[in-house]
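Please read the structure below before turning to the comments.
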Amino acid sequence: MISREYEFHAPKTLNEALSLLEKSGGNAKLIAGGMSLVPMMTLGLAHPDAVISLNKVPGLDGVKEDGGVLAIGAMTRHHVLKTNPLIAQHAPLLAEAAKYVGDVQVRHRGTLGGVLVHADPAADYLPVCLALGAQIKLQSAKGVRTVEARDFFKDIMTTSIEDGEILVEVRVPKLPAGSGSSYQRLHRVEGNYAIVNAAAVVEPGKKKGRVALGGVGPTPVMIDVSAHIASGVSDDALRRVSDAAFAAAENAYGDLNGDAKYKQAMARVYAQRVVRAAAAQAQ
Amino acid sequence: MKYIGTGMTSLTNRQLAAGKGTFVADYKPEGMLHMAVLRSPYASARIRSIDTKAAEQMPGVVYVITGQEVAANMNPIFEAYDTAAMGAKGVKWYALVPERVRFVGECVAAVVAEDKWTARAAADAIEVDYEELQPVTDPEKAMEPGAPLVEPEWGDNILVTRDFRSGDPDKAFAEADGTISGVVKQHRYTGAAIEPRAYLANYDPYQDLLTFHASTQNPHPMRVFLAETLGIPETSIRVIQPHVGGGFGLKIPTFQEEPLLAYLARKLQRPIRFVAERTEDLLAGGHAREERLYYEVAYKKDGTVTGLRAKVIADVGAPSALCGWGQSFVTSYCIPTCYKIPNNRVQLFSVVTNKCPWNAYRGYGKEAASFMMDRIMDNVARETGLDRAEVRLRNYIQPHEFPYSQVSGAMLDSGDYPKALRKVLDMIDYENFPAMQAAARKEGRYLGIGIGQELTPEGCSMPRSTLLGGWDGCTVRVNPSGQVTILTGVTSPGSGNETAIAQIVADELGVSIDHIKVIQGDTDTCPYGLGNYSSRSIIMGGSAAKVAANELREKMLKVASKLLEVAPDDVDAEDDKFFLKGAPTRFVTFKEVASTVYRDCHGKAAFDVEPGLEATRYFKHPNVYHQPDTQGRFSSYPSWPNQAVAIIVEVDPETGKFKIVRYCAVHDSGVVINPLLAEANLHGGFVQGIGGAAFEHLVYDESGQLLTTTFMDYTCPTAVDVPSFEVAHQETPSPFTPLGTKGVGESGVTGPLGGLCSAIENALADRNVRLTELPLTPSRVWEAISAAQGGNR
Ligand SMILES: Cc1cc2nc3c(=O)[nH]c(=O)nc-3n(C[C@H](O)[C@H](O)[C@H](O)COP(=O)(O)OP(=O)(O)OC[C@H]3O[C@@H](n4cnc5c(N)ncnc54)[C@H](O)[C@@H]3O)c2cc1C
């Protein structure tokens, strides 16, 4: 139950939202789908003085083509990512990941921007955005800046977004034709966060690839596997991918789903599985 | 038509599916206030002082109460069990703790306010000065000398012990071909009803009547508990149970919030409601299951088990007035379940710790006994090289050996265990599984098959208990226009017993079910009864309904035979008619007969029957023995349903994750009144059993903090995580109940425990994986695989 009082604002323009945010001096929270913020408030883990909704701000959602890039609005809901034809064609990893997020209700409320700013270490889109080389566009009253997804996540539920900034767009380079990609996750029950998740992209020609892993440390990690697969995606190459994933998961920590050792071992398993699947798809 | 044996949907479906049910939180009487509770943040601490000023000054706050006022004005909470009669230790547990908290979540203070948000904020503004004490959170550590004491006056942390013996175990072990020793560990988990605990108390000083709407399973016992705890007459309380969104045993009284709310409503003379939040229910709504069972078995080369020594250590949490700790007693009571083992020693140590007290949870300790026996049978099979099914078949009590007395004094009524196992093995095509397994392995898939055997005694009846008794009552009333009203002492938590009871009465009176209305859960209108638990609603409530309806049947047959001018023995009743046997066209309608009794009681046909068509009858189960024998044993469960399950899983050996491919069960709960609802009940049981076996875990840290306080961490399976179930019934009637019913409500939760361990081990047989501990999370299975491989991965 949220027993503390707070102000609620539903601005109708981005500028209005930005100025409300600035005025609050850091004590306001933006709300998108509310699928993470509301539980945090209910459990007393977040107690903002004001909640500013982005739901009435026009132009923050939807998927557009912008040359070689998909420009995805921060307010795009999981359900849209799961079903949008542009995503299916140019960034199928996002659609794959969206399928797993929560349940039907959550997928119709929760947003891409909300997931990235909430930055749960096992959230489905984190490794996906790294593997896709996404860029995150942040806007404040002072202007716009763009951060590479791989630089965005700083610690558990901590990102490089600053007070006064709104995540407005995620820019995802289109995967070149002939690429292969795969997203897989290990979970205990459906509709809940993953224990470990992994996203891989193998470029056309199968010489270059990368894999990103979530749930194996405070932030997602990415490995360039090109050196391992350059001379073919053999069992031996996949073993080297696994070893690299195991090393990259050195900051894994234990929780109710398993200890650090288990998570590190799962990094090995899932890195190999997604690279194998992505390579099988690539031409 | 005949209704018994017909699968029909619940009479409550229309209303509930339309969202038009009425639950406690739907009641909003004029002027209603809200109660919020401040709970202990410590597992063990002394309360030095409480400062309520800040809370009292908040606008909207009506009243703030602490344990001092409670202890001065209320009795300790009345016990669900008579602990003394059970040979156990008890405690004085107050509705609010006056002095010393013993688990995180125990109620310390409460606020009543105009709205629930204010009540919550004010409760959080109460300042309590605690002196932290050393908690004890592990049962075996709690048994060591010098351990911190949960109850210092007790001198130790043992709530109750038992020691049952039969035959000569030492000799059996000396003469055995082989022995095995081991342990099985069941973790702490509990039920998670969709509707949390909820109560509404409303006091009318002019009638001196406290009306208490409760999401409870036991309105009449609750009235006794409230009356005794508040020190007021029972007749000044009316408990009403509206629709209940799931109980599973956990809505059995006596929680602290219940008498607390009743006291406050009387004191403030305003309606007050309390609806628990999920976190509050996970913290303080009753836990269950946490038990370690150490065993040694002696066996012969042919697979017969000749001796068993078992030691049950149960962590029942902090002592309270709740009936949960009895589950540990029942675990020891059920061993060695379906098996005929001549030489036994079974010891029980129920240990208290600084964790949430147990409350009843579907399975009630029976599951642990069957789980251990399943592990034992699998291990004997492994050691002797015999098939797992064969070992069970060689050790079962045989159908002709009932009633069978087990080492604990339990008197098993009837059953055909070999037949049920054979049937389930046929269903799953056990014989051809090895070929299927080998084919899958060629594709790199690891399939395994497992067997689970459950024995689920029902109809719990404990000596001198206000709550747990082997009897219940029912009123059947035929109204002048021929409609039937049934008022029951049992209640339904949403499981459909009202429908089955209506079916029983419909058959007995020969009336169609559309003419029947069932009323449950109101202490002012229903006959005194004990409510719902231990699958008793059909065993006790259904039998009482049958007996009461029969009384009316006899009376109506008499009148009908007069109207038909034949002998009563020649008349039968069906389809709303009384008719001449063999000549069904000669009939009088049910309505005519009812009308005759009411309107023509001085006339010819009804002249020699008593006026009125109403009967209240009680049924007492004959298979209960409360006179202790020389070992102090008594028989508290009259009815013994059983079930054999066979499960096929596919295991991912790299991650430890498994998927259930097929789940088959043959269930025997005696005569089944409504196969559709019985099966629905079983499906729920299977899912809870799978949840317990693999998903759900209440995790405490060493300081006694609960780490799983939301559904994000306490992970229940949903429909997408479980397979579809294949169920067949076998009917071995109870010789003790008028219809041969045995009870189905708790069945299903046990099979998955042993069955899944068995199946996973079988899938990984070439790796020699051993599973001894639940839950079977991916990481635990993965660790077992690693351990089997010497830890090198
Ligand atoms: C039952 C359930 C199951 C779930 N399962 C999964 C799962 O399997 N996988 C998974 O990845 N997630 C899961 N989630 C989380 C879900 O994906 C959330 O939707 C997501 O984490 C947050 O998105 P939101 O739009 O709801 O954000 P909100 O809850 O509204 O906000 C979350 C945080 O982000 C900030 N924020 C939101 N939008 C912006 C913005 N545009 N700019 C700056 N800050 C912003 C908010 O201030 C807040 O701090 C689950 C949630 C629930 C309730």
Residues within region B:630-650 that are over 17 Å from B:I538 (Cα atoms) and either within 24 Å of the chain's Cα centre (by Cα) or at pLDDT 95 or above (or both), tallied:
12
Out of (1) surrounded by 16 or more Cβ atoms within 10 Å (Cβ to Cβ); (2) over 30 Å from B:S639 (Cα atoms), what's the single condition that is false for B:A680?
(2)
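Here is a yes/no grid of residues against (1) assigned to a loop (DSSP other than H, G, I, E, B); (2) basic (K, R):
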position	(1), (2)
B:A123	no, no
B:D129	no, no
B:P135	yes, no
B:A147	yes, no
B:D156	yes, no
B:R162	no, yes
B:K171	no, yes
In region A:94-111, the residues that are more than 8 Å from the ligand (Cβ to nearest atom) and open to solvent by less than 20 Å² (accessible area, probe 1.4 Å)
A:L94, A:A95, A:A98
Against the definition (more than 14 Å from every other protein chain (Cβ to nearest Cβ), away from the ligand (no atom under 11 Å from the Cβ), open to solvent by 60 Å² or more (accessible area, probe 1.4 Å) and in contact with an Asp or Glu (Cβ under 8 Å, 6 or more places away or on another chain)), how does A:D66 come out, yes or no?
no
Return only the number of the condition from (1) open to solvent by 10 Å² or more (accessible area, probe 1.4 Å); (2) in a loop (DSSP other than H, G, I, E, B) that B:F587 does not satisfy.
(2)
Can you find a residue that is basic (K, R), touching a residue at least 12 places away in the same chain (Cβ under 8 Å) and farther than 30 Å from B:A88 by Cα anywhere in region B:618-633?
no
Considering only helices (runs of 4 or more DSSP H) wholly within region B:274-391, the ones with at least 2 residues that are within 14 Å of chain A (Cβ to nearest Cβ) and aliphatic (A, V, I, L, M) are B:278-284
Residues of region B:394-410 being open to solvent by 30 Å² or more (accessible area, probe 1.4 Å), of a type outside the set (D, E) and assigned to a helix (DSSP H, G or I), in sequence order, are B:R394, B:P399, B:H400
What is the residue count in region A:1-55 for residues that are within 15 Å of A:M75 (Cβ to Cβ), away from chain B (no Cβ under 14 Å) and small (G, A, S)?
6
Positions within region B:710-721 being in contact (Cβ under 8 Å) with a residue 40 or more places away in the chain and either away from chain A (no Cβ under 14 Å) or surrounded by fewer than 20 Cβ atoms within 10 Å (Cβ to Cβ) (or both), in sequence order:
B:T710, B:F711, B:C716
Considering only region A:12-47, state which residues are within 7 Å of the ligand (Cβ to nearest atom), open to solvent by less than 40 Å² (accessible area, probe 1.4 Å) and not in a loop (DSSP other than H, G, I, E, B).
A:I31, A:L37
Index of the failed condition, B:D413 passing every other in (1) under 32 Å from the mean Cα position of the chain (by Cα); (2) surrounded by fewer than 21 Cβ atoms within 10 Å (Cβ to Cβ); (3) farther than 20 Å from B:A381 by Cβ; (4) not hydrophobic (A, V, I, L, M, F, W, C)
(2)
Of the residues that make up region A:200-211, is at least one within 14 Å of chain B (Cβ to nearest Cβ) and out of contact with any His (no Cβ under 6 Å at 6 or more places or on another chain)?
no
Hits in region A:174-216 (condition: part of a loop (DSSP other than H, G, I, E, B) and more than 16 Å from the ligand (Cβ to nearest atom))
A:K174, A:L175, A:P176, A:A177, A:G178, A:S179, A:E203, A:P204, A:G205, A:K206, A:K207, A:K208
Quick check on my filter: what residues within region B:43-55 are surrounded by fewer than 22 Cβ atoms within 10 Å (Cβ to Cβ) and either within 33 Å of the chain's Cα centre (by Cα) or free of Cβ contacts under 8 Å to residues at least 40 places away in the same chain (or both)?
B:K53
Conditions (1) without any contact (Cβ under 8 Å) to a residue 40 or more places away in the chain; (2) away from every other protein chain (no Cβ under 14 Å); (3) within 9 Å of the ligand (Cβ to nearest atom); (4) in contact with a helix residue (DSSP H, G or I) (Cβ under 6 Å, 6 or more places away or on another chain) -> A:L167 fails only (1)
Residue in region A:255-270 that is touching a residue at least 24 places away in the same chain (Cβ under 8 Å), assigned to a strand (DSSP E or B), within 14 Å of chain B (Cβ to nearest Cβ) and of a type in the set (A, V, I, L, M) present
no
Restricting to region B:687-703, name every residue that is surrounded by fewer than 24 Cβ atoms within 10 Å (Cβ to Cβ) and more than 14 Å from chain A (Cβ to nearest Cβ).
B:E702, B:S703
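The values are calculated or read from the model by the stated rules, or taken from the named source; none is laboratory data. Note that the structure is a prediction, hence the values are computed from the model and not measured. Cβ coordinates were reconstructed from backbone atoms using ideal geometry, including for glycine residues, and neighbour counts include every protein chain displayed. In case anyone asks, the SASA skips ligands and DNA or RNA and just uses the protein heavy atoms, side chains included. Shrake-Rupley method; radii C 1.70, N 1.55, O 1.52, S 1.80 Å.
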